[in-house]
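Below: one structure, written as structure tokens.
The values are calculated or read from the model by the stated rules, or taken from the named source; none is laboratory data. Everything numeric here is computed off the predicted structure, so don't read it as measured data. For neighbour counting, all protein chains shown are included, and Cβ atoms are generated from backbone atoms with ideal geometry for every residue, glycine included.
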Amino acid sequence: MGDLILTVPFLRELIQSCEVVVVVRSGLGGLLRKMCPELQVYEVIKGQSESYRRLRNHWRGIQFDYIFCPHRSFRSAWFVSGLTARVKVGFWHWSTFWAFHHNVRRNHHLPEPLRVMQLLLPAARDLSIDHSLLEKWSRASYLNIPNSIGMLPILGTTFRSLCSQASWKKRPAKVALFPGSQWGSKQWPLDHYLTLSKELENSGFEVYWLGTDRESEELKRMGVVNNNLAGSLTLEQTVDFLQ
């Protein structure tokens, strides 16, 4: 759910120039429609093949320009394979590569929301996103350079590039960081987030910390006091803050 929410600002910008359709698991559609009413949102019941089949039949005869699939499951690949699109993009996996025109290598060193942005590489030029910066981002390796994280300054430049044509570029430069995750595979070390926050602040961004009570306590132990909103906002308040 957290990763879905973090994509909303990008989706809001995207719908200004094209029609956007999003498929989410059952129960999330209402929240996403509330956050972004202009989106076309469809729900599927996870684990229920008939639910996926009905949606594929609904779109029979319709061709999409791009389909981006952030999930690496066989079921998601099977679902995408039954849809018609000019370009289908997914993360490379030996069991699902056959479903996509472009298979992007998933960078395990990045936090999940940044990993998902890798899927934009094949469509970067169509979406007016700096292709070279996304390439650098995709190759960045942070976890194995614990003390001197030389690639982190790229993030400040990348954020500015991604926002260069966005409507929010005239607003104060603010970045929200979510350092927590319930999944160990999505965890990025907190000290890396702290290093990133310093790089962003040095690039002129104002950094805010969001998450649960657990992240709030961890941040306090690491000496983070300013702009620590973790644990103090409800889900809807978090969405409003990100707007």
Free of Cβ contacts under 8 Å to residues at least 40 places away in the same chain, in contact with a Gly (Cβ under 7 Å, 6 or more places away or on another chain) and not in a loop (DSSP other than H, G, I, E, B) - does that describe any residue in region 34-41? yes
Tell me the residue from VAL89, VAL22 that is under 30 Å from THR212 (Cα atoms), of a type in the set (A, V, I, L, M, F, W, C) and not in a helix (DSSP H, G or I), please. VAL22
Taking interchain pairs and intrachain pairs at least six residues apart, which have beta carbon atoms under 6 angstrom, with the first residue in region 1-23 and closer than 16 Å to ASP240 by Cβ and the second assigned to a helix (DSSP H, G or I) and at pLDDT 80 or above? VAL8/MET35
For region 188-230, what are the residues that are part of a loop (DSSP other than H, G, I, E, B), within 27 Å of LEU32 (Cβ to Cβ) and at pLDDT below 90? TRP188, PHE205, GLY211, THR212
Of (1) touching a residue at least 40 places away in the same chain (Cβ under 8 Å); (2) closer than 30 Å to ASP240 by Cα, GLY29 satisfies every one except (1)
Looking at PHE91, PHE68, which one is within 17 Å of the chain's Cα centre (by Cα), surrounded by 13 or more Cβ atoms within 10 Å (Cβ to Cβ) and either at positive phi or in contact (Cβ under 8 Å) with a residue 40 or more places away in the chain (or both)? PHE68
Give THR84, THR96 a once-over and let me know the one that is closer than 30 Å to ARG56 by Cβ, touching a Gly at 6+ places or on another chain (Cβ under 7 Å) and at pLDDT 90 or above. THR96
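Please work out if SER51 is surrounded by 13 or more Cβ atoms within 10 Å (Cβ to Cβ), closer than 28 Å to GLU13 by Cβ and of a type in the set (Ser, Thr, Tyr).
When the stated conditions are applied, SER51 does not pass them.
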Would you mind telling me which numbered condition in (1) surrounded by 13 or more Cβ atoms within 10 Å (Cβ to Cβ); (2) at pLDDT 85 or above; (3) under 24 Å from ARG125 (Cα atoms) ARG12 fails? (2)
